[in-house]
Amino acid sequence: MSEPSARPRRAYARWGVVAVVLALGAGALALYGIGGRDKAAACEARPETLAAINAAAVGELAGVVTPAAPRALPAVSFKDANGADLGLERFRGKIVLLNLWATWCAPCRREMPALDALEKQRGGADFAVVPVSLDLGSTDKPKAFLKEIGAQNLPLYADPSGKMLQAMKSVGRGSGLPTTLILDRTGCEIGYLPGPAEWASAEGLKLIDAALGK
């Protein structure tokens, strides 16, 4: 009896490789929110909330960009003041102002007192300022800086590995510092500002209230 043709086996193998590549591509898209329909569907913010944020983006906050729909973000992790790992899921149920900063960034340093004041005025069960230092290596510098400016309300979070910044850059965020993202209660982006702002100004408080649905 003659041997079966090798061509069908090669064809099956080729289509198997294609299927694996497609599956991996779909997983990557879902991870970064670029085609993750299920993840995007889990975002909480409604169109009227996005419209309210957009309308409130004036004056000091005129540069805030509001997406057409809540935008899923990649999973990221960073460290708290004790060196324990945590991610944005820790803040589920709250509107979050995620601020990426570093001590070597002059605009970041100028902006930090306003973020401290914002956390004092709006922080609580429904809202949190989450500043993540991107200083590489030790957390000594960001810790010393927060003490230097007399920050009473901001926690120390840090990503000394640089992995969080790379994850954010993969979805077009964090190319410059400071970078601030407003997240809905499920962790999806509903606002984005490249650059500093007076977040505790009247315009800043009004924009945060819009994100909170007030």
Query raised in the report: Among the residues of the range 165-178, which ones are crowded, with 22+ Cβ neighbours inside 10 Å and touching a strand residue (DSSP E or B) at 6+ places or on another chain (Cβ under 6 Å)?
Result: Pro178
Report task. Could you run through the range 106-133 and say how many residues are outside any helix (DSSP H, G or I), of a type outside the set (D, E, K, R), touching a residue at least 60 places away in the same chain (Cβ under 8 Å) and open to solvent by 30 Å² or more (accessible area, probe 1.4 Å)? Result -> 0
Query - Total residues in the range 43-66, condition under 16 Å from the mean Cα position of the chain (by Cα) and modelled with pLDDT under 95 - result: 3
Report summary line: Note on Arg71: of the conditions (1) charged (D, E, K, R); (2) touching a residue at least 60 places away in the same chain (Cβ under 8 Å); (3) closer than 26 Å to Ala151 by Cβ, unmet is (3)
Query raised in the report: Among the residues of the range 87-105, is any open to solvent by less than 50 Å² (accessible area, probe 1.4 Å), assigned to a helix (DSSP H, G or I) and not charged (D, E, K, R)?
Result: yes
Query - Residues (touching a Gly at 6+ places or on another chain (Cβ under 9 Å) and part of a strand (DSSP E or B)) located in the range 173-190 - result: Thr179, Thr180, Leu181, Ile182, Leu183, Glu189
Report task. Among what's in the range 134-172 and is of a type in the set (Asp, Glu) and either touching a His at 6+ places or on another chain (Cβ under 7 Å) or not in a loop (DSSP other than H, G, I, E, B) (or both), pick the residue that is nearest to Asp80 (Cα to Cα). Result -> Asp140
**Report entry** Output for the range 193-214, where each listed residue is open to solvent by 30 Å² or more (accessible area, probe 1.4 Å) and either outside any loop (DSSP other than H, G, I, E, B) or within 27 Å of Asn82 (Cα to Cα) (or both)
**Finding:** Pro194, Ala202, Glu203, Lys206, Asp209
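The values are calculated or read from the model by the stated rules, or taken from the named source; none is laboratory data. Small disclaimer: the values here were computed from a predicted structure and weren't measured. Cβ atoms come from the backbone with ideal geometry, glycine included; neighbour counts cover every protein chain shown. When the accessible area is computed, the model is the full protein with side chains, heavy atoms only, and any ligands, DNA or RNA have been set aside. Shrake-Rupley method; radii C 1.70, N 1.55, O 1.52, S 1.80 Å.
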